[in-house]
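Reviewing the structure listed below.
The values are calculated or read from the model by the stated rules, or taken from the named source; none is laboratory data. Just so it is clear, the model here is predicted, and its values are computed rather than measured. Glycine gets a Cβ as well: all are built from the backbone with ideal geometry, and neighbour counts include every protein chain shown. Accessible surface is based on the protein model in full, side chains and every heavy atom, while ligands, DNA and RNA are left aside. Shrake-Rupley method; radii C 1.70, N 1.55, O 1.52, S 1.80 Å.
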Amino acid sequence: MSETTDGTTDGTTYEGMRSLRERAAALDAVDPLAAKRDLFALDDDVVYLDGNSLGALPAHVPARVADVVQRQWGELRIRSWTESGWWTAPERIGDRIAPLVGAAPGQVVVADSTSVNVFKAVVAGVRLVSADPRRTDVVVDATTFPTDGYVAESAARLTGHRIVPVDPADPAALRAAFGPTTAVVLLNHVDFRSGRLHDLPSLTAAVHDAGAVAVWDLCHSAGALPVGLDAHGVDLAVGCTYKYLNGGPGSPAFLYVAERHQAAFDSPLPGWNSHADPFAMTRDYAAVDGARRGRVGTPDILSMLALEAALDVWEGVTIEDVRAKSLALTDFFLECVAEYGAGVSVSPVTSVTPAEHAARGSQVALRCGAAPVVMERLIARGVVGDLRRPDLLRFGFAPLYVRYADAERAASTLAEVLAELPA
């Protein structure tokens, strides 16, 4: 920022800056999750606000992965499928994720990618209501992450169904789309661009009132806020593990199958890993019981066990505490952006993330006409967010390791960058 002749900095007094920095320090000092940051491999000179794309590395994971490679694979070799628990890893790790999304044990399995699990869930959802020939529609979030749309469209085409895209930001229009022809509704819990949190409880109830199956994509909510899959009667859900769950790049996704649907869950990908007796090698398929039906082929053990190790950072943490800090962090960041940006007239930013807590995930998206240049300069100055073209700056707040001081520094650096843009 450049100092003005009256002792202010781009419209913000030094006293105002000091006040925000002092508040950040005070908030960090009483943060019940503050100690969790020490469990991650982070640099103090970098503000990492891209955990909504790739979570930071838990510092103990490399040693755990080295043991998997050197001892379990290198020494035990094939014996590790039993002696090291490789074979049961998908459901064992699923049970560790389950409390973070509000699910009882035995309903979450870790397998494949989010995209593959979306395909399984949509097709299996269609099959759950196939006895009613009127149900020909698959309703999808019109603003969804592209893959969900691509996969849902292909699943609908394969099953002879029709795609009905609706914007969930218009709840009335969305509910109006649910009716006697609806088979499955696929929605994102949090919008990946704006950070808008959709009303999972009431929308799930509306889907059920229409006699349809509710499938939720939890990629931007798992590990960031309470989901309540069991409490709200969700039928099927999918989610990734490399964002707020810190499982690592490309770590396997998870699939939730409500217990009441498990006997009828008919996966469109019946691989040998979901066979009731996989080593019998029979020609006929017989599905295993429970959520394990969501398994397909041989698990990616290296990535799977890196994820299992990463989940250790959640010990002693409640998702309610995570949510409380998430809201406080994003509130504080928005306040700092407004304060520091008050005197910046060039390329101002506006938040497209809802201000109300009930409609906000754990990220803040700012609209900025010069977004590509601004994000490039922010990253060069050690503030790492990401860009969603053409004009959105995204900042993800992972409560286990993001500090209030990080929020303040990101906002002040953003104001500096904006002030340097040509008029």
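Listed values, structure above:
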| item | result |
| --- | --- |
| Residue within the stretch 253-261 that is open to solvent by less than 20 Å² (accessible area, probe 1.4 Å), without any contact (Cβ under 8 Å) to a residue 24 or more places away in the chain and not in a strand (DSSP E or B) present | no |
| Residue check for Ser130: open to solvent by 40 Å² or more (accessible area, probe 1.4 Å), at pLDDT 95 or above and within 19 Å of the chain's Cα centre (by Cα) | no |
| Out of Arg394, Arg360, Arg367, Arg389, sole residue that is more than 23 Å from Glu320 (Cβ to Cβ), open to solvent by less than 10 Å² (accessible area, probe 1.4 Å) and under 23 Å from the mean Cα position of the chain (by Cα) | Arg394 |
| Enumeration of residues in the stretch 332-351 that are of a type in the set (A, V, I, L, M, F, W, C) and surrounded by fewer than 18 Cβ atoms within 10 Å (Cβ to Cβ) | Ala338, Ala342, Val346 |
| Residue match in the stretch 63-83 (condition: at pLDDT below 95, touching a Ser or Thr at 6+ places or on another chain (Cβ under 8 Å), part of a helix (DSSP H, G or I) and open to solvent by 30 Å² or more (accessible area, probe 1.4 Å)) | no |
| Filtered residues of the stretch 294-317 (kept if touching a residue at least 60 places away in the same chain (Cβ under 8 Å), closer than 21 Å to Val116 by Cα and not in a loop (DSSP other than H, G, I, E, B)) | Gly294, Ile301, Leu302, Met304, Leu305, Ala306, Leu307, Glu308 |
| Contacts under 7 angstrom Cβ, first residue in the stretch 162-179 being under 14 Å from Val140 (Cβ atoms) and in a loop (DSSP other than H, G, I, E, B), partner acidic (Asp, Glu) and open to solvent by less than 30 Å² (accessible area, probe 1.4 Å), 6 or more apart | Pro168/Asp141 |
| Which listed residue is among the small types (Gly, Ala, Ser) and surrounded by fewer than 16 Cβ atoms within 10 Å (Cβ to Cβ), from Ala306, Ala286 | Ala286 |
